[in-house]
1. What residue, of 612, 605, is surrounded by fewer than 19 Cβ atoms within 10 Å (Cβ to Cβ) and either in contact with a strand residue (DSSP E or B) (Cβ under 8 Å, 6 or more places away or on another chain) or without any contact (Cβ under 8 Å) to a residue 24 or more places away in the chain (or both)?
2. Could you tell me whether the stretch 511-520 includes any residue that is closer than 24 Å to residue 573 by Cβ and at pLDDT 85 or above?
3. How about the stretch 631-647: which of its residues are touching a residue at least 40 places away in the same chain (Cβ under 8 Å) and farther than 16 Å from residue 560 by Cα?
4. Restricting the first residue to the stretch 115-129 and requiring it to be surrounded by 14 or more Cβ atoms within 10 Å (Cβ to Cβ), which pairs with a second residue that is in a helix (DSSP H, G or I) meet a Cβ separation below 7 Å and a spacing of at least six or different chains?
5. Answer with yes or no whether residue 585 is under 14 Å from residue 537 (Cα atoms) and modelled with pLDDT of 85 or more.
6. Show me the strands (runs of 3 or more DSSP E) entirely contained within the stretch 23-98 in which 1 or more residues are without any contact (Cβ under 8 Å) to a residue 40 or more places away in the chain.
């Protein structure tokens with residue numbers, strides 16, 4: 001090997017002669033700034049031209065912060081104060097103005113000259129990260145597109161599943177031959193299988209996007225295991241299997257955690273045990289693994305005597321879209337996501353999951369989750385299943401808003417069976433019209449509908465209608481089952497939501513939560529536009545100085561001209577001529593004031609403003625329809641007053 005001493009000497013001479021400075025600083029790809037603590041630029045290297053378009057030395061003497069985007073400037077000034085007290089700072093992002101006037105994303109590492117040289121200044125080594133930011137933004141857009149796709153897919157699949165399952169439920173109530181019952185059960189099982197698949201896909205997507213949230217409420221592990229096992233006993237018995245639950249007395253406490261997610265894990269593991277077993281028993285157990293202060297690590301296990309899993313299969317059993325081998329997928333079906341979801345649910349709660357198995361001997365799945373010890377005050381009883389067939393909701397007025405024919409038929413039959421009074425609306429626009437005319441005890445609101453969706457219809461009911469119409473409880477019927485959509489339901493003013501496909505028990509359970517025996521009776525012909533409240537001629541009487549003939553002339557003019565204006569407004573909505581909508585509303589305002597139709601004074605002002613300024617356009621069609629409804633009722637009221645005579 002050659003002697004390196006001569007080479008090392010030459011490198012040292014290169015550094016001392018300024019070659020290092022020339023190569024790394026002057027000719028380097030990074031942009032180098034030297035600034036004082038106040039941001040004054042004292043030096044920058046020539047790379048500022050290649051990266052930002054500014055000529056060499058053109059920024060010296062200028063302030064660094066003058067080139068920072070306004071949205072980022074205040075934050076960066078605060079960061080500078082922190083940097084000034086530190087030796088070295090890494091990865092500070094900022095937006096710097098290019099020579100063209102555009103802004104580019106950069107990131108710097110800062111060396112504080114105070115520490116070694118005693119100078120109040122910073123060396124900023126800046127890198128162009130615009131491509132990285134663009135890639136991150138594209139990833140966010142792709143994630144949003146994926147979520148939208150999943151929401152639409154969920155809606156499109158869940159809606160027909162709800163119809164299929166609902167029709168089967170109704171047909172089974174009528175009875176039939178054993179062969180017919182066999183076919184109905186086959187349809188029901190197929191629908192249930194589709195529900196499992198779509199739920200797996202949606203849960204996996206929620207976990208992957210980081211949007212899955214966990215509750216922290218009081219629950220009893222003993223009660224959860226029992227409530228999970230009981231509904232599965234029937235399917236186990238059909239295969240000649242027994243389910244045995246063993247809960248150690250040490251875990252018979254109240255804990256703080258997410259019982260729904262615990263149920264989901266247990267259901268998946270027990271269902272797998274049933275699916276892959278043809279004999280013996282399935283044992284579900286829970287015991288205390290360890291306790292550290294108030295944190296109890298509970299160990300759960302689900303053991304079966306089924307087909308078992310090979311050593312190779314165990315290694316990949318928790319992988320996404322994977323099962324022990326392909327033949328299992330072909331024979332038993334499934335998405336291959338169930339165990340992957342279980343693993344994520346356990347680990348996201350700070351636990352771990354693993355499995356032991358022998359082929360043809362059976363499998364045992366273990367998982368531990370740490371829970372905080374709670375008290376009786378933390379305990380929240382789950383909704384107790386109601387024997388819905390034993391109680392009727394006589395004369396309970398419900399508006400069912402649903403655009404799917406099958407789902408509408410299914411829900412209507414259930415509601416009529418419980419003796420509810422049911423009105424139907426095929427979209428949100430019709431729903432707002434009906435809710436304007438009648439006070440409902442409850443509104444069942446689908447979300448995705450033509451003309452006006454459930455979100456916009458709810459906002460209109462809450463914000464544009466008068467009390468008590470605006471106060472009706474609204475339950476969303478959502479086929480999306482995406483967490484964000486459920487949150488949005490509450491944000492726009494809905495009281496609750498029910499995911500499709502729903503069973504009769506679940507629908508009934510939601511309804512009775514808002515059913516009150518002592519609610520005020522609402523006559524069948526109840527109408528918020530009664531003559532007692534709709535028009536008030538006191539103002540007109542004052543303007544006309546009590547001249548009855550003049551008043552009659554004014555009223556007749558309103559009765560004659562208003563329908564033409566309302567028709568024009570509707571036509572303008574159809575052609576999206578929003579300025580014309582606002583113009584017609586402006587012409588209507590005085591007439592509404594003269595006739596004392598106080599109910600829509602603010603509404604007509606809002607329509608005028610929205611039309612002229614082209615804002616809240618998506619709400620305008622519903623606003624116009626509400627105005628038309630009230631004005632038509634006002635015309636009828638005025639005709640009645642003319643017939644009775646104006647004194």
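1. 605
2. no
3. Selection gives 646, 647.
4. 119/113; 121/113; 122/83; 122/113; 123/113; 128/51
5. no
6. 41-44, 88-97
The rows are residues; the columns are (1) at pLDDT 80 or above; (2) at negative phi.
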{"residue": "336", "(1), (2)": "no, no"}
{"residue": "358", "(1), (2)": "yes, yes"}
{"residue": "371", "(1), (2)": "yes, yes"}
{"residue": "383", "(1), (2)": "no, yes"}
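For every residue, the table says whether it meets (1) buried (at least 20 other Cβ atoms within 10 Å of the Cβ); (2) in contact with a strand residue (DSSP E or B) (Cβ under 7 Å, 6 or more places away or on another chain).
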site: 234; (1), (2): no, no
site: 238; (1), (2): no, no
site: 242; (1), (2): no, yes
site: 255; (1), (2): yes, yes
site: 265; (1), (2): yes, yes
site: 269; (1), (2): yes, yes
site: 272; (1), (2): yes, no
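The values are calculated or read from the model by the stated rules, or taken from the named source; none is laboratory data. What you see is a predicted model; the values in this text were computed from it and never measured. Reconstructed Cβ throughout: ideal geometry from the backbone, glycine too, with neighbour counts over all protein chains shown.
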